[in-house]
Amino acid sequence: MGLGSQAQAASYGTPTLSLSAAYLSGAVGASGDPVVKVTVAQSGADAGALTVTVTKSSRTSVATTADVTVTGTGTGATRQVAVAARGRGYTDLTVKVTGVDGRTATKTLHYAASAAVQQAADSRYFTGSSDASAAVDVGGGYAVVADDESNALRLYDRSVSGAPVKTWDFSSDIGVSKEIDIEGATRVGDTIYWTGSLGNNKDGEYKSARNTVFTTKVSGSGAATVLSYGGSYGKLRDDLVAWDEAHGDRYGFAAGTADGQVPKQIDGFNVEGLEFAPGSTTTAYLGFRAPLAPAVAGGKALLVPVTNIDKVVAGGATAVFGTPIELDLGGLSVRDLRKNAANQYLIVAGSWAADDNSDPYALYSWDGDPAHAPVKRLDLPTSDPGGWESVVDVPDLTVSGARAQLITDDGSADLYGDGTEAKDLTHAEWKKSRATWFTVGG
């Protein structure tokens, strides 16, 4: 290097770059996958003149450098890196910034790609958690999603893949330190009701946190949504058992909640759906994954109305129950329950079994009348990883082409082909649940 070149190099600092996330997840054939922002700088130089490239992939079967797109060059300090996966698995991508004087700096982006799925163009992936179990629309194209492995409530943009916009956890307000096992949710006015499964844990042990129903108050909408704590109740399971015993032990709730009883058995005890009765703001249906009624193959799905749920959660009143409803869902049970303002219901139906990712799932419509049978709208795909757990909202089912967005619980899925269940992945950015739009109207 001559004296002139040395002087020029000395007039600039060493270039730097930073990544908005060191870990990124995508899917083969996906639309709207998350991206990583790259911020670059070099002392004495215009950041827009710096060049960002991806120079190496450690596993080209997952993604090559040609599968990476960098946008924003020449427009400032921030660039955007997007990856179009070509195969399932992991790869490390080397991101390089080149300064105006030719000096460089690099960072490693750890990338994971899950396999292609059915209806990939209609699917989005909500990252940060893999165990989505309940969701509520909050307007503006956003939804609050719960998972059954923590008490966090996450706000997502429903139209894109990626991390939550906001996160809340009301454990300290409720007075619990363990997971509530949130499985159902519904909204009335500015109040969202959330329920735990109310059942034992997978080892058949009673955990008091799971016997929780709580509310959050909603202000704002869309990306500006704010949640605040409302109230909670910790004895709904006890009330259900006492009510069932008082009515001849019809559904075996006492046995289903006994010490050592696993909840996800045909005669177990596990709540996964919550929705209000037609035209009511005080009577809510509890939808049971277990037991079936009766608890034999081909039994019916069970709904139990709580007629004073507003007083139960707000004031600690003992729950009062209405006449139970038994629905023919083809031997399947309730995995979620949601209605619209016109009292049109969608029911996500699935197996009562614990390891049921390959078992049938179906979507039914219903008018909320106990005397009327649900109608199967479609069979849900079961070849993809994860189990269908949530329906965000219900469109007008009389409109041809109307679509509903359903979300999977991918916690036990091997997303990346290395034998690791999603809920056990080390990095939150690699955990994800899939949200897919299905045509249900007409």
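Worth a mention:
- Given (1) part of a loop (DSSP other than H, G, I, E, B); (2) in contact (Cβ under 8 Å) with a residue 60 or more places away in the chain; (3) open to solvent by 20 Å² or more (accessible area, probe 1.4 Å); (4) of a type outside the set (D, E), number of the condition G411 does not satisfy: (3)
- Residues that are in contact with a Pro (Cβ under 8 Å, 6 or more places away or on another chain) and either open to solvent by 20 Å² or more (accessible area, probe 1.4 Å) or among the aliphatic types (A, V, I, L, M) (or both) within the stretch 301-321 comprise L302, L303, V304, F321, listed in sequence order.
- D190 meets each of the listed conditions (1) more than 19 Å from the chain's Cα centre (by Cα); (2) under 18 Å from E272 (Cα atoms); (3) free of Cβ contacts under 8 Å to residues at least 40 places away in the same chain apart from (2).
- Residues of the stretch 194-208 satisfying the condition of being open to solvent by 10 Å² or more (accessible area, probe 1.4 Å) and either in contact (Cβ under 8 Å) with a residue 60 or more places away in the chain or among the β-branched types (V, I, T) (or both): N201, K202
- Selected residue (criterion: surrounded by the fewest Cβ atoms within 10 Å (Cβ to Cβ)) from residues of the stretch 74-105 that are in a loop (DSSP other than H, G, I, E, B) and within 36 Å of the chain's Cα centre (by Cα): T75
- Considering the stretch 271-300, the residues that are part of a loop (DSSP other than H, G, I, E, B) and aliphatic (A, V, I, L, M) include one that is surrounded by the most Cβ atoms within 10 Å (Cβ to Cβ), namely L292.
- In the stretch 134-147, the residues that are within 23 Å of L24 (Cα to Cα) and under 12 Å from the mean Cα position of the chain (by Cα): A143, V144, V145, A146, D147
- Scanning the stretch 128-159 for residues that are open to solvent by 30 Å² or more (accessible area, probe 1.4 Å) and either assigned to a helix (DSSP H, G or I) or under 17 Å from D393 (Cα atoms) (or both) yields D137, G140, G141, Y142, R154, D157, S159.
- Output for the stretch 106-120, where each listed residue is among the hydroxyl-bearing types (S, T, Y), open to solvent by 10 Å² or more (accessible area, probe 1.4 Å) and either outside any strand (DSSP E or B) or farther than 16 Å from K37 by Cβ (or both): T106
- Residue ID - nearest to I309 (Cα to Cα), chosen from residues in the stretch 240-270 that are open to solvent by 40 Å² or more (accessible area, probe 1.4 Å) and of a type in the set (D, E, K, R): E245
- S123 vs. criteria open to solvent by less than 10 Å² (accessible area, probe 1.4 Å) and over 11 Å from the mean Cα position of the chain (by Cα): yes
- From the options P370, P381, P385, residue that is over 30 Å from L425 (Cβ atoms) and not hydroxyl-bearing (S, T, Y): P370
- For the stretch 344-367, the condition of being among the charged types (D, E, K, R), open to solvent by 10 Å² or more (accessible area, probe 1.4 Å) and in a strand (DSSP E or B) holds for none of the residues.
The values are calculated or read from the model by the stated rules, or taken from the named source; none is laboratory data. Worth saying up front: this structure is predicted, and the values here are computed from it rather than measured. FYI the Cβ positions are ideal-geometry reconstructions off the backbone, even for glycines, and counts take in every protein chain you see. Areas reflect the complete protein model, heavy atoms only, side chains present, ligands, DNA and RNA absent. Shrake-Rupley method; radii C 1.70, N 1.55, O 1.52, S 1.80 Å.
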